[in-house]
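Chemist: Here's a structure for you.
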Amino acid sequence: MPRRASTRRFAVLAVAAALLLSGCSQIGGTKTGGGVEKPAIRVAILTTVDLATLWLAQEGGYFKAEGLEVQTDIGASGQDTLTRMVEGKDDLALSTYTLFFLAKSSGTADLKLIADATSASPRSNEVVTVPSSPVKTIADLSGKRIAISSKNAASDVLTQSVMRDHGIDSTKVTWVPMPLPEMGAALAQGRVDAAYQPEPFLTQSAKTAGAYPVIDAASGSTQAFPLTGYGATAQWARDHPKTLAAFQRAMLNATRAAVDRARVEPLVVRNAKVDQDIASLMVMPAFGSTLDARRIQRVPDLLQQLGVVQTKIDASSMIAPQASTG
């Protein structure tokens, strides 16, 4: 009798342990992105510090923990990355929010915003000049040649906004689109009079071309302005809800880890191909991951104020459901 009772107790314990392990396995499977529709995805990116959290998600194992393998394709501009994604060459794209909303307004593409990336922090995005340029103050920008990454990207929209804040006419500016890495040389050679630059190009140009700030582009009306985020076509978002949520969870965890600057700087050195001394001096943007409709609404509202779009755009209608890691 004691032996049979002991046997029964062992059997009950074995069943309980099996159920516990099964439950843990199911929880772990959900958290690690088990059953994602597309385990291997491609993301169109720029080699700016905005990508720090994505690089951290790659190298820190956050994507792997969600069952994702993420490869990146480098674009020349935010417009280029957006085009690659819309054309189906990449699944997701990092771009400036202005371009996502312009695509929506023009009917070019039906898009969804998937995750936040960066907002401007003080002195992280500036309009710069060099000693040989005729531009010395913000009042000198009217009628000059200003380098931007692409038309209607954050570069010229934020520049127009700070000029408006200071009563400077931006309609006479000659906007000169060019890749961000080329702006320092263009300034030094006199091909442009000023340039909008984010990090790490801002610090690089200061070192190589003697560039110095004319005005903080994220000041006045654009203080703490939402700059970049990740997007997908609405069709892709509908077809890959689990993949989308896994990407969001990985980016949220990477963003939490990015508060440690010591983890971010080496990633910028390796992936953005900048010197360690540049990385140690550059000003970081404010990293984010979860999209807040009220904050993102600032972008289409500014576009309407500047006359870039003619009708109001509801940001909330473009934001995909946001995942949480709890």
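The values are calculated or read from the model by the stated rules, or taken from the named source; none is laboratory data. Bear in mind that the values here come from a model prediction, so they are computed numbers and not experimental data. Here Cβ is always computed from backbone atoms with ideal geometry, including for glycine, and neighbour counts include all displayed protein chains.
Chemist: Would you be able to tell me the number of residues in region 303-317 that are touching an Asp or Glu at 6+ places or on another chain (Cβ under 9 Å) and either of a type in the set (D, E) or outside any loop (DSSP other than H, G, I, E, B) (or both)?
Modeler: First, pick out the residues of region 303-317 that are touching an Asp or Glu at 6+ places or on another chain (Cβ under 9 Å): 312-313, 315.
Filter once more, keeping what is either of a type in the set (D, E) or outside any loop (DSSP other than H, G, I, E, B) (or both): 315.
Of the residues in region 303-317, 1 are touching an Asp or Glu at 6+ places or on another chain (Cβ under 9 Å) and either of a type in the set (D, E) or outside any loop (DSSP other than H, G, I, E, B) (or both).
This table checks each residue for (1) within 25 Å of L68 (Cα to Cα); (2) in contact with a Leu (Cβ under 8 Å, 6 or more places away or on another chain); (3) of a type in the set (S, T, Y); (4) surrounded by fewer than 16 Cβ atoms within 10 Å (Cβ to Cβ).
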residue: R249; (1), (2), (3), (4): yes, no, no, no
residue: A258; (1), (2), (3), (4): yes, yes, no, no
residue: D277; (1), (2), (3), (4): no, no, no, yes
residue: S289; (1), (2), (3), (4): yes, yes, yes, no
residue: I296; (1), (2), (3), (4): no, yes, no, no
residue: L302; (1), (2), (3), (4): no, no, no, no
residue: V308; (1), (2), (3), (4): no, yes, no, no
residue: I313; (1), (2), (3), (4): no, yes, no, no
residue: A320; (1), (2), (3), (4): yes, yes, no, no
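Chemist: List every residue pair whose Cβ atoms sit under 7 Å apart, with the two residues 6 or more apart in sequence or on different chains, where the first one lies in region 159-183 and is in the same structural domain as Q305 (by TED's automatic domain parsing) and the second, anywhere, is exposed (fewer than 15 other Cβ atoms within 10 Å of the Cβ) and assigned to a helix (DSSP H, G or I).
Modeler: Close Cβ pairs satisfying both conditions: none exist.
Chemist: If I ask for residues that are assigned to a strand (DSSP E or B), more than 18 Å from R191 (Cα to Cα) and out of contact with any helix residue (DSSP H, G or I) (no Cβ under 8 Å at 6 or more places or on another chain), which ones from region 120-147 would you list? Steps first, answer last, please.
Modeler: Applying the first criterion (assigned to a strand (DSSP E or B)) to region 120-147 yields 125-129, 145-147.
Checking the rest, the ones that are also more than 18 Å from R191 (Cα to Cα) come to 125-126.
Matches in region 120-147: none.
Chemist: From I296, I313, which residue is at pLDDT 95 or above and either of a type outside the set (A, V, I, L, M, F, W, C) or touching a strand residue (DSSP E or B) at 6+ places or on another chain (Cβ under 7 Å) (or both)? So that I can check it myself, show each step before the final result.
Modeler: On the way: I313 fails: either of a type outside the set (A, V, I, L, M, F, W, C) or touching a strand residue (DSSP E or B) at 6+ places or on another chain (Cβ under 7 Å) (or both).
I296 is the lone residue from the list that is at pLDDT 95 or above and either of a type outside the set (A, V, I, L, M, F, W, C) or touching a strand residue (DSSP E or B) at 6+ places or on another chain (Cβ under 7 Å) (or both).
Chemist: Condition first: part of a helix (DSSP H, G or I) and surrounded by fewer than 18 Cβ atoms within 10 Å (Cβ to Cβ). Now tell me which residues in region 148-186 satisfy that.
Modeler: We begin by selecting, within region 148-186, every residue part of a helix (DSSP H, G or I); these are 154-165, 180-186.
Answer for region 148-186, where residues must be part of a helix (DSSP H, G or I) and surrounded by fewer than 18 Cβ atoms within 10 Å (Cβ to Cβ): R164, D165, P181, E182, A185.
Chemist: Determine whether region 284-302 contains at least one residue that is assigned to a strand (DSSP E or B), touching a helix residue (DSSP H, G or I) at 6+ places or on another chain (Cβ under 6 Å) and within 30 Å of G88 (Cβ to Cβ).
Modeler: Filtering region 284-302 for residues assigned to a strand (DSSP E or B) gives 286-287.
Narrowing further to those that are touching a helix residue (DSSP H, G or I) at 6+ places or on another chain (Cβ under 6 Å): 287.
So of that shortlist, the ones also within 30 Å of G88 (Cβ to Cβ) come out as 287.
Yes; the residues of region 284-302 include at least one that is assigned to a strand (DSSP E or B), touching a helix residue (DSSP H, G or I) at 6+ places or on another chain (Cβ under 6 Å) and within 30 Å of G88 (Cβ to Cβ).
Chemist: Also: Among (1) in contact with a strand residue (DSSP E or B) (Cβ under 8 Å, 6 or more places away or on another chain); (2) outside any helix (DSSP H, G or I); (3) not assigned by TED's automatic domain parsing to the domain that holds S205, which single condition is K104 missing?
Modeler: (2)
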